[in-house]
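Just below is one structure, and these are the notes that go with it.
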Amino acid sequence: MDFETKAIHTGLNYAENTGAVIPPIYATSTFATGNLEGFDYTRSGNPNFRNLEATLAALEKAKSATVFSSGVAAITAVASTLKSGDLVLAEENIYGCTYRLFHAVFKKFGVDIAYYDFTERLNFARILEKKPALVWIESPTNPLLKIIDIAAVAEYCKKAGSTLVIDNTFASQYFQKPLDLGADLSLSSTTKYINGHSDALGGSVVTDSEEWDHKMKFAQKALGLQPAPFDAWLISRGVKTLAVRMQRHADNALKIAEFLENRPEVKFVRYPFLDSYPQSALAKKQMTGGSGIITVDLNFSKEQTLQFGRNLKLFTLAESLGGVESLCSHPATMTHASIPQHEREKVGITDGLFRLSVGIEHVDDLIADLTNAFSAIR
Ligand SMILES: *Cc1c(COP(=O)(O)O)cnc(C)c1O
């Protein structure tokens, strides 16, 4: 079966006796001992988790998947396998909450973390030199949409004996398959594209390694990182339409990126599948579509950039991304507000930087909304 078919026809277990086309929500904390499926207590397993896990594993042609209550819970699960003295090498532009988790929590337990710019190939040698326990990569990164050569990093990780984790949230497994590129763990915030409807939080770790599967199932129950059955059910519903949604997200985003490129208010447009994007060749090598996120550098002050965001009617100024509705964000005052200005600007997060999560509305309406918001600034 192909991706679209598996998204719809896998993960439908535990409903055979009733003929229900969609398995119900198993809103139960516990299960009678001796039941045929071997369930005992929802923290250590629930039919809704197992169904979603079956679907997510199938979509990446992987041996297993484990679901969690959020993307951050999935990151916690992976980080919890580390011990004092272990080193993590991370891309310097990783998600802010991943950074915070390592710094504010796992550092206290003796886990060390170092950051490098992994678009710089010379830095791959650090993996062989330092032999970290984990290498933590996002591609595309947030919010700068840097593309990291996953297959090349994976080769260095294999030589160093390091586990490679790819946070695949921005691309989704429809456009990028980290395990095929050599990663050990494919991690997602299922809150974003996989659910796609901005009505539940979730996270997942997909792997071909039996050892990592055991570690993740252990973390799910032992750390209390399990999702709610209802949220797992919503995400199972959302993922059925992932393929068609991602196609529309990408089509709309490419058209909007091309529109933005020709606006006088725009300094430059970051979109991995835009021909003018410096890393478009690498993006097209490892992704099958550009996904739905665009980051623009506007010729605006901080106040004008925020006003532009407020002028938009169809793009809601809000955290998060990947839903059917368009959202926008101003990293300097929202996701990256806690980073001092000079440090932000050093990594490219300027006051005029603006991120769009392009939804699946009609693209002409979205372009009209952007046009009106620009006009209201001058
Ligand atoms: C949102 C996000 C997360 C965290 O996921 P939550 O579901 O919000 O906990 C992790 N990584 C990336 C890249 C994200 O965008």
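The values are calculated or read from the model by the stated rules, or taken from the named source; none is laboratory data. The model shown is predicted, which means the values in this text are computed figures rather than measured ones. Don't worry about glycine lacking a Cβ; one is built from the backbone with ideal geometry, like all the others, and counts go over all protein chains shown. All accessible areas refer to the heavy atoms of the entire protein, side chains included, with ligands and DNA or RNA removed. Shrake-Rupley method; radii C 1.70, N 1.55, O 1.52, S 1.80 Å.
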With respect to Ala171, determine if the residue is open to solvent by less than 20 Å² (accessible area, probe 1.4 Å) and without any contact (Cβ under 8 Å) to a residue 60 or more places away in the chain.
no
Residue hits (the stretch 53-70; within 12 Å of the ligand (Cβ to nearest atom) and open to solvent by less than 10 Å² (accessible area, probe 1.4 Å)) are Val67, Phe68
Scan Ala90, Ala133, Ala104 and give me the residue that is within 16 Å of the ligand (Cβ to nearest atom) and either open to solvent by 30 Å² or more (accessible area, probe 1.4 Å) or among the charged types (D, E, K, R) (or both).
Ala104
Are any residues in the stretch 251-275 without any contact (Cβ under 8 Å) to a residue 40 or more places away in the chain and under 18 Å from Asn299 (Cβ atoms), and if so, which ones?
Ala257, Glu261, Asn262, Pro264, Val266, Phe268, Val269
Of (1) surrounded by fewer than 15 Cβ atoms within 10 Å (Cβ to Cβ); (2) farther than 27 Å from Asn195 by Cβ, Glu319 fails just (2)
Filtering the stretch 6-25 down to residues that are of a type in the set (Ser, Thr, Tyr) and open to solvent by 60 Å² or more (accessible area, probe 1.4 Å) yields Thr18
Sole exception among (1) within 15 Å of the ligand (Cβ to nearest atom); (2) among the polar types (S, T, N, Q); (3) out of contact with any Ser or Thr (no Cβ under 8 Å at 6 or more places or on another chain); (4) over 30 Å from Glu4 (Cα atoms) for Thr81, by number:
(1)
What single numbered condition from (1) over 23 Å from Ile339 (Cα atoms); (2) in contact (Cβ under 8 Å) with a residue 40 or more places away in the chain; (3) outside any helix (DSSP H, G or I); (4) out of contact with any Asp or Glu (no Cβ under 6 Å at 6 or more places or on another chain) fails to hold for Leu89?
(1)
With respect to the numbered conditions (1) of a type in the set (Phe, Trp, Tyr); (2) in contact with a helix residue (DSSP H, G or I) (Cβ under 7 Å, 6 or more places away or on another chain); (3) touching a residue at least 40 places away in the same chain (Cβ under 8 Å); (4) surrounded by fewer than 24 Cβ atoms within 10 Å (Cβ to Cβ), which one is the sole condition not fulfilled by Trp212?
(2)
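Here is a yes/no grid of residues against (1) away from the ligand (no atom under 12 Å from the Cβ); (2) among the acidic types (Asp, Glu); (3) open to solvent by 10 Å² or more (accessible area, probe 1.4 Å); (4) not in a loop (DSSP other than H, G, I, E, B):
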site	(1), (2), (3), (4)
Leu187	no, no, no, yes
Tyr193	no, no, no, no
Val206	yes, no, no, yes
Leu225	no, no, yes, no
